[in-house]
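Notes follow the structure.
The values are calculated or read from the model by the stated rules, or taken from the named source; none is laboratory data. All of these numbers come straight from a predicted model, not from anything done at the bench. Backbone-built Cβ (ideal geometry, glycine too); neighbour counts: all protein chains shown.
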Amino acid sequence: MNISIIGLGLIGGSMSLALRKIFPGVVVTGVDRNPAHAEEALKLGFVDRVLEIEKSIPFADLVIIAIPVDATNRLLPEILNQVTEQVVMDVGSTKKIICDTVKDHVKRSRFVATHPMWGTEHSGPSAAVNGAFVHKAAVICNREESDTDAVLLVEDIYRQLGMHLVYMNAAEHDVHAAYISHVSHITSFALANTVLEKEKEDNAIFELASGGFESTVRLAKSNPGMWEAIFKQNRENVLDVLNEHISQLRKFKTCLEKENYEYLGELIRQANTIKRILK
């Protein structure tokens, strides 16, 4: 199998590592506009060669787009213009705008919209992780708009990566992603900024930081350009979730202002029921 991976960062690199183990003899062509990333990917052995995007597609059986969602939205129509029978899949965190962009493209059926539900706050080729996708969910959106053989190939790859498959339409995906991923990142960015403002007054604050703080603000180290694009594409859903999140924060604030510790305890106990879902 010949695979072209466009974007050799965290997700693209991790997928390449996994695919090279799963499919012995696979030839992976890398594409990255950052020459340093391309060189690093070659040195790390993620890819067999690096080519410009238009030169990488004719050789590929499968094209994996692993770049920020705004760049995917721009490049996907151009990639589909070059496709004959190749399968094209993306791995971005928003789906509706991307699917809408190519819904009338003559080669739309060769594209499979996906989102492997895994990531870290790190970026670049060196951030790639072996076994990253095992036991995680892979979302496939609007599969009825893709050719059967294209969907079957993508399903097989995700299963070989050790993932379980979830099917939904693009709009549903973006709502769920806003709740379980996007608002978590905004919260982390906001908390980091809160603490950084306090640090201007008292630089001892970080000397006290420990595991709880680190786990809460870990996501604030995520790639700014990538997340700016995600928030822009999923703006309406993120705003809906933010409004609910702010409402919940106000409940905690009111409890403390009015010294209503009984209700505060109820809110905390209610939050604890998440243990049923997150083991």
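Within the stretch 240-255, if we keep just the residues that are in contact with a helix residue (DSSP H, G or I) (Cβ under 7 Å, 6 or more places away or on another chain) and among the hydrophobic types (A, V, I, L, M, F, W, C), the residue that is surrounded by the most Cβ atoms within 10 Å (Cβ to Cβ) turns out to be Val241.
Note on the stretch 131-160: among residues that are surrounded by fewer than 16 Cβ atoms within 10 Å (Cβ to Cβ) and of a type in the set (Gly, Ala, Ser), the one that is nearest to Ser14 (Cα to Cα) is Gly131. Scanning the stretch 5-48 for residues that are over 22 Å from the mean Cα position of the chain (by Cα), part of a helix (DSSP H, G or I) and among the acidic types (Asp, Glu) returns a single hit, Glu39. Go through the residues of the stretch 113-130 one by one and say whether even a single one is among the aliphatic types (A, V, I, L, M), over 16 Å from the mean Cα position of the chain (by Cα) and buried (at least 17 other Cβ atoms within 10 Å of the Cβ). Looking for residues that are among the aliphatic types (A, V, I, L, M), over 16 Å from the mean Cα position of the chain (by Cα) and buried (at least 17 other Cβ atoms within 10 Å of the Cβ), one finds none in the stretch 113-130, hence no.
Return yes when Glu244 is at pLDDT 95 or above, part of a helix (DSSP H, G or I) and either polar (S, T, N, Q) or under 24 Å from the mean Cα position of the chain (by Cα) (or both) and no when it is not. Considered against the rule, which asks whether it is at pLDDT 95 or above, part of a helix (DSSP H, G or I) and either polar (S, T, N, Q) or under 24 Å from the mean Cα position of the chain (by Cα) (or both), Glu244 comes out as yes. Considering the stretch 71-102, the residues that are assigned to a helix (DSSP H, G or I) and in contact with a Ser or Thr (Cβ under 7 Å, 6 or more places away or on another chain) include one that is farthest from Thr148 (Cα to Cα), namely Asn73.
If you check Asp90 against the conditions, is it surrounded by fewer than 16 Cβ atoms within 10 Å (Cβ to Cβ) and at pLDDT 95 or above? Before you say what the answer is, go through the steps one by one.
On the way: surrounded by fewer than 16 Cβ atoms within 10 Å (Cβ to Cβ): no; at pLDDT 95 or above: yes.
In short, no.
Cβ-Cβ contacts under 7 Å between residues 6 or more apart (or on different chains), taken from a first residue in the stretch 31-45 that is under 14 Å from Ile5 (Cα atoms) and without any contact (Cβ under 8 Å) to a residue 40 or more places away in the chain to a second residue that is of a type in the set (D, E, K, R) and crowded, with 20+ Cβ neighbours inside 10 Å, are listed as Ala38/Asp32. Scan the stretch 194-239 for residues that are in contact with a Ser or Thr (Cβ under 6 Å, 6 or more places away or on another chain) and either modelled with pLDDT of 95 or more or loosely packed, with under 11 Cβ neighbours inside 10 Å (or both) and the total you get is 3. Check the stretch 131-142 and report whether any residue there is more than 24 Å from Phe23 (Cβ to Cβ) and out of contact with any Leu (no Cβ under 7 Å at 6 or more places or on another chain). Yes: the stretch 131-142 contains one or more residues that are more than 24 Å from Phe23 (Cβ to Cβ) and out of contact with any Leu (no Cβ under 7 Å at 6 or more places or on another chain).
When every residue of the stretch 63-72 is checked against the conditions, at least one turns out to be free of Cβ contacts under 8 Å to residues at least 40 places away in the same chain and in contact with a strand residue (DSSP E or B) (Cβ under 8 Å, 6 or more places away or on another chain).
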